[in-house]
1. In segment 47-70, what count of residues is obtained for those that are of a type in the set (D, E, K, R) and free of Cβ contacts under 8 Å to residues at least 24 places away in the same chain?
2. Exactly one of (1) of a type outside the set (S, T, N, Q); (2) touching a helix residue (DSSP H, G or I) at 6+ places or on another chain (Cβ under 7 Å); (3) open to solvent by 40 Å² or more (accessible area, probe 1.4 Å) is unmet by Gly354. Its number?
3. In segment 127-192, which helices (runs of 4 or more DSSP H) lie fully inside it and hold 2 or more residues that are open to solvent by 20 Å² or more (accessible area, probe 1.4 Å) and charged (D, E, K, R)?
4. Filter segment 302-333 down to the residues that are assigned to a helix (DSSP H, G or I), under 22 Å from Pro344 (Cβ atoms) and open to solvent by less than 30 Å² (accessible area, probe 1.4 Å) and list them by number.
5. For the subset of segment 56-113 comprising residues that are among the β-branched types (Val, Ile, Thr) and open to solvent by 20 Å² or more (accessible area, probe 1.4 Å), which member is nearest to the chain's Cα centre (by Cα)?
6. So, in segment 45-55, exactly how many residues are open to solvent by 40 Å² or more (accessible area, probe 1.4 Å) and in contact with a strand residue (DSSP E or B) (Cβ under 8 Å, 6 or more places away or on another chain)?
7. Are there any pairs, at least 6 apart or on different chains, whose C-beta atoms fall under 6 Å, with the first in segment 225-245 and under 14 Å from Arg271 (Cα atoms) and the second open to solvent by 50 Å² or more (accessible area, probe 1.4 Å), and if so, which?
8. Out of segment 6-59, which residues are more than 26 Å from Pro128 (Cα to Cα) and of a type in the set (A, V, I, L, M)?
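The values are calculated or read from the model by the stated rules, or taken from the named source; none is laboratory data. Note that this is a predicted model, so its numbers are computed, not measured. Every residue, glycine among them, receives a Cβ derived from its backbone with ideal geometry; neighbour counts consider all protein chains shown. Ligands, DNA and RNA are excluded from the accessible area calculation, which covers all protein heavy atoms including side chains. Shrake-Rupley method; radii C 1.70, N 1.55, O 1.52, S 1.80 Å.
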Amino acid sequence: MPHRFKAIFDHHSHVSLYAALQGTPGLSTCADSGAALELMRGLPEDRLSLVMGWHSGRLPLSEADLAGLPPVLLVNFSLHGLRLSPEGARLLRDTDPELVERCADADWSERNLGRLLGLYGRTAGLSPAKLETWIQGLEAVGIGAVEDMLLTGTEAWRAMRASRWADRMPWWTVPAIFETLPAEAQAECAGLKFFTDGALGARTAALDSPFLGGEPGLLLHADEALRQMLAAAHPHGKAIAIHAIGDRAIGQVLNGLEDLERQGLRFPLVRLEHVQFITRAQARRARDLGLVLSMQPNFSSDSADYADRLDGPRLARNNPFRMLIDEVGFRPGRDLIFGSDGMPHGLAYAAQWGLFPLFEGQRLTLAELLAGYGSAPGNPAWGELAVDEAARSVRLL
């Protein structure tokens, strides 16, 4: 007899972006650059088309290649990095001249990632039909609630609040987008999102030493600039969520928050997103500040996927769940929560890498994994019978 999971709560995804991207042209199945160019040449001439799935190493494209295309905004498969065709640049020059001027600058793209993700979502457009299809996909993999960690704009807010999942999609956004929203939307916003470093895939996560290829990683803000950004958010009275993957970025964030704490500036809630390379000392500081760590068990797979750019000790330090739980005292479901970042959604991949990781320090028990996700609103809390039922189901994955 088949067993069914309770619906889980995914605490980190990108609803308004991922749902909008459904149906956009993609290059992931193109065998070579010629096939990619042929696909893009067939796109509309009268509007900007968002094209996903570009891999700069597998599908190299020259400036001459781009010159012959319709208006195209070409996005790297990792969402870090973009290219514009000359016709695409022409359409954006009046509304976003800085993007047109700086889009080839990888550091600029990382420093403006929140702004760019919003642009991608708005260019693709979020319709009620797209959102419903996306929700049905979540339901099919056992998700009953999800947090959008970067609302892309007013159009997306209207689609989400009209959805049957309106009360199951709390959303956050970056300050620049927050300021453009209607007052009603601002009141509904769960919190403000900040970025402090890049990503492992782009070799821009701010680690304590360079990547194997010599890339230094990237802190997106100077120390004082970050502190001022966080202080400027305080009058809104919102929770804050801070993207920090590398230990260098995590240390910068903790320094800034401790400084604000000394000034009496406290937020209703502070979440640190990802914190894949948090150290024991940093974890203790985070506990002392009362922070919530929002992490992704599925990102333990990075210890296999990025062995080409991280040395052995750092591969082992990724997602140090046992240290956080056993040594520092973080509690899954309370101050340690889990999400997927949509890579991919659902419990199966998270269970694969959480229960059977490459390194013992990454291992979670099934009870810890389920507690970290939590059950969606309307579902009873996880109990022993639910854990036993889920364990039987995981063995069938």
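1. Restricting attention to segment 47-70, the residues satisfying the condition of being of a type in the set (D, E, K, R) are 47, 58, 63, 65.
With free of Cβ contacts under 8 Å to residues at least 24 places away in the same chain added as a condition, the list becomes 58, 63.
Matching residues across segment 47-70 total 2.
2. Tallying (1) of a type outside the set (S, T, N, Q); (2) touching a helix residue (DSSP H, G or I) at 6+ places or on another chain (Cβ under 7 Å); (3) open to solvent by 40 Å² or more (accessible area, probe 1.4 Å), Gly354 fails exactly one: (3).
3. 128-140, 154-161, 183-188
4. Of everything in segment 302-333, those that are assigned to a helix (DSSP H, G or I), under 22 Å from Pro344 (Cβ atoms) and open to solvent by less than 30 Å² (accessible area, probe 1.4 Å) turn out to be Asp302, Ser303, Leu315, Phe321.
5. Taking segment 56-113 as the starting set, the residues that turn out to be among the β-branched types (Val, Ile, Thr) are 72, 75, 95, 100.
With open to solvent by 20 Å² or more (accessible area, probe 1.4 Å) added as a condition, the list becomes 95, 100.
Working: Thr95: 26, Val100: 24 Å.
Of everything passing the filter in segment 56-113, Val100 is nearest to the chain's Cα centre (by Cα).
6. Within segment 45-55, residues that are open to solvent by 40 Å² or more (accessible area, probe 1.4 Å) and in contact with a strand residue (DSSP E or B) (Cβ under 8 Å, 6 or more places away or on another chain) number 1.
7. Ala239/Pro268; Ala239/Leu269
8. The answer is Ala31, Ala35, Ala36, Leu37, Leu39, Met40, Leu59.
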